[in-house]
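The values are calculated or read from the model by the stated rules, or taken from the named source; none is laboratory data. Given the structure is predicted, the values throughout are model-derived calculations rather than measurements. Don't worry about glycine lacking a Cβ; one is built from the backbone with ideal geometry, like all the others, and counts go over all protein chains shown.
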Amino acid sequence: MTDAPPAPRRTALDARHRALGATMTDFAGWDMPLRYGSERDEHTAVRTRAGLFDLSHMGEISLTGPQAGQALDHALVGHLSALAVGRARYTMICDDEGGILDDLIVYRLGDEQFLVVANAANAQVVLDALTERAGGFEASVRDDRDAYALIAVQGPEAQGILGSLTDADLAGLKYYAGLPGTVAGVPAMIARTGYTGEDGFELFLAPDDAERVWEALTEAGAPAGLVPCGLSCRDTLRLEAGMPLYGHELSTDITPFDAGLGRVVKFDKPGDFVGREALEAASRRADSVTPRTLVGLVAEGRRVPRAGYAVLAADGSRIGQVTSGAPSPTLGRPIAMAYVDARYAKPGTEGVTVDIRGAQEPYEVVALPFYRRER
Amino acid sequence: MSNPQQLRYSKEHEWLSAADEDGVSTIGITEFAANALGDVVYVQLPDVGSTVSAGETCGELESTKSVSDLYAPVSGEVTEINEDVVNDPALVNSAPFEGGWLFKVKVTGEPEDLLSADDYTAFAEN
């Protein structure tokens, strides 16, 4: 017996990352590329050209069967049985107390076929919960974590680059839609989703095909300025876009309403669902009192706020806590998301500071997101 | 990655130039350290005229992912700081041994465990 943690898992593209000289990091039990060169350059490439990501750590779970949609309606807070074939939905899975177990994207691949994509760190929890909650339905839950590699191509040039490698109708593929197709000669589920605030695609494919598709995208994207991108810039991209990250903005300690994401909870769907009672109470609470609100903070100085740092009012009292913070390549200044007392959440609130290792640094309260792409 | 032979190194990944005729050495962080940090976005350096002590923190370096303490590899009085790197912290990444130097110290004492370039290279690679 040993207490040493298990060796991190490696994706199908591991050798490629090493050949590219990536700095690797342990992320949720996976050895993932943190960055290949400058994370700021990678960030800028996604905002202005295109970036290529290996996201194979994400956890895929398939639900199939005549009642797969009803099973998801029961298991999740969203109304997935109403989702059209070929479309995707951002949703959450909660516990009985309404606490968020994970945030998810669910794709409807067929009448009786759904693909649930969970965060790597929560995939086992989600798999176990879905398996249990689907018990009374004509639906089977399958662990497909090893069945898929996930490659994302994100940025304004993404459609042009991917379009040169597929016959799929990308122009007709809406945001949050996905269709089966062929990319570089291999089968892939092509989805117009992402976590960067840019247009882009996510490709679910067999791990054995991952190298081939990565190579093809690298080659096809080179003239447009596509570069490989690591998880470091993925984090700053999503932060600028105001997108929550599980473990930072979301946790089992809060409900979707506390996170300002109550819209994902569909009380009017048929049947009961796990957490309904607690979520109805949370919804009423949110209507009457808003004890804290997720806000954006932009630094006036250059010191970077980090998760867990205290947010202070002008009188020095503690009014909240930073959940994510980073230097923003697009704004050129440090930014953060923070939960603050609702009385201080109004954009432009005077005197708000972040305690950065003992120094009170001035911050401007702004509405989220920090960045919205031009369409 | 090659660490210049004419410099000496600390185990905290700072480099130190040979003292000039006034006994002043230039200090920076190594390319190894800069690569490990990622893009440096903010540097806080000791004040000119202040005294730093070998092995003790005298500033900080912030990158996208983290904040790291800056340690003084020797003891002495700070005679100059690199204003260019304060204004453009990316110099730490692009030229860690040259334009990305951090501060200069009139050395009054140095620890016995400063490393040669070869020894530092072996240390950093393990």
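Of all residues in the range A:276-297, those that are part of a helix (DSSP H, G or I) have Cβ atoms under 6 Å from Cβ atoms of residues that are aliphatic (A, V, I, L, M) and buried (at least 18 other Cβ atoms within 10 Å of the Cβ), 6 or more apart or on another chain, in A:Leu279/A:Val265.
Can we say A:Arg306 is more than 20 Å from A:Glu198 (Cα to Cα), within 14 Å of chain B (Cβ to nearest Cβ), at pLDDT 95 or above and not in a strand (DSSP E or B)?
Details: more than 20 Å from A:Glu198 (Cα to Cα): yes; within 14 Å of chain B (Cβ to nearest Cβ): yes; at pLDDT 95 or above: yes; not in a strand (DSSP E or B): yes.
Considered against the rule, which asks whether it is more than 20 Å from A:Glu198 (Cα to Cα), within 14 Å of chain B (Cβ to nearest Cβ), at pLDDT 95 or above and not in a strand (DSSP E or B), A:Arg306 comes out as yes.
The residue that is nearest to A:Gly247 (Cα to Cα), counting only those in the range A:118-159 that are surrounded by fewer than 22 Cβ atoms within 10 Å (Cβ to Cβ) and of a type in the set (Ser, Thr, Tyr), is A:Thr131. Within the range A:323-338, being outside any loop (DSSP other than H, G, I, E, B) and either within 19 Å of A:Cys233 (Cα to Cα) or within 13 Å of chain B (Cβ to nearest Cβ) (or both) holds for A:Thr323, A:Ser324, A:Gly325, A:Ala326, A:Pro327, A:Ser328, A:Arg333, A:Pro334, A:Ile335, A:Ala336, A:Met337. Scanning the range B:13-28 for residues that are farther than 19 Å from B:Val48 by Cα and over 9 Å from the mean Cα position of the chain (by Cα) yields B:Ala18, B:Glu21. Residues in the range A:155-189 that are within 17 Å of the chain's Cα centre (by Cα) and either basic (Lys, Arg) or under 25 Å from A:Leu80 (Cα atoms) (or both): A:Tyr175, A:Tyr176, A:Ala177, A:Gly178.
Applying the condition of being at pLDDT 95 or above and over 24 Å from the mean Cα position of the chain (by Cα) to the range A:242-271 and asking which residue is surrounded by the fewest Cβ atoms within 10 Å (Cβ to Cβ) yields A:Asp268. Residue count for the range A:182-222 satisfying the condition of being touching a Ser or Thr at 6+ places or on another chain (Cβ under 9 Å), more than 14 Å from A:Val153 (Cβ to Cβ) and buried (at least 19 other Cβ atoms within 10 Å of the Cβ): 0. When the range A:339-368 is limited to residues that are within 14 Å of another protein chain (Cβ to nearest Cβ) and of a type in the set (Val, Ile, Thr), the one that is nearest to A:Asp253 (Cα to Cα) turns out to be A:Val354.
Given A:Gly172, A:Gly221, A:Gly197, which one is in a loop (DSSP other than H, G, I, E, B) and either in contact with a Pro (Cβ under 8 Å, 6 or more places away or on another chain) or closer than 19 Å to A:His43 by Cα (or both)?
Values: A:Gly172 fails: either in contact with a Pro (Cβ under 8 Å, 6 or more places away or on another chain) or closer than 19 Å to A:His43 by Cα (or both); A:Gly221 fails: in a loop (DSSP other than H, G, I, E, B).
Of the residues listed, the single one that is in a loop (DSSP other than H, G, I, E, B) and either in contact with a Pro (Cβ under 8 Å, 6 or more places away or on another chain) or closer than 19 Å to A:His43 by Cα (or both) is A:Gly197.
Here is the figure for the range A:161-176: residues that are touching a residue at least 60 places away in the same chain (Cβ under 8 Å) and buried (at least 18 other Cβ atoms within 10 Å of the Cβ) total 1.
Within the set of pairs 6+ apart or on separate chains, which have a first residue in the range A:307-320 that is assigned by TED's automatic domain parsing to the domain that holds A:Gly348, a second that is among the aromatic types (Phe, Trp, Tyr), and C-beta atoms under 7 Å apart? These pairs meet every condition: A:Ala313/A:Tyr344; A:Ile319/A:Tyr344; A:Gly320/A:Tyr339.
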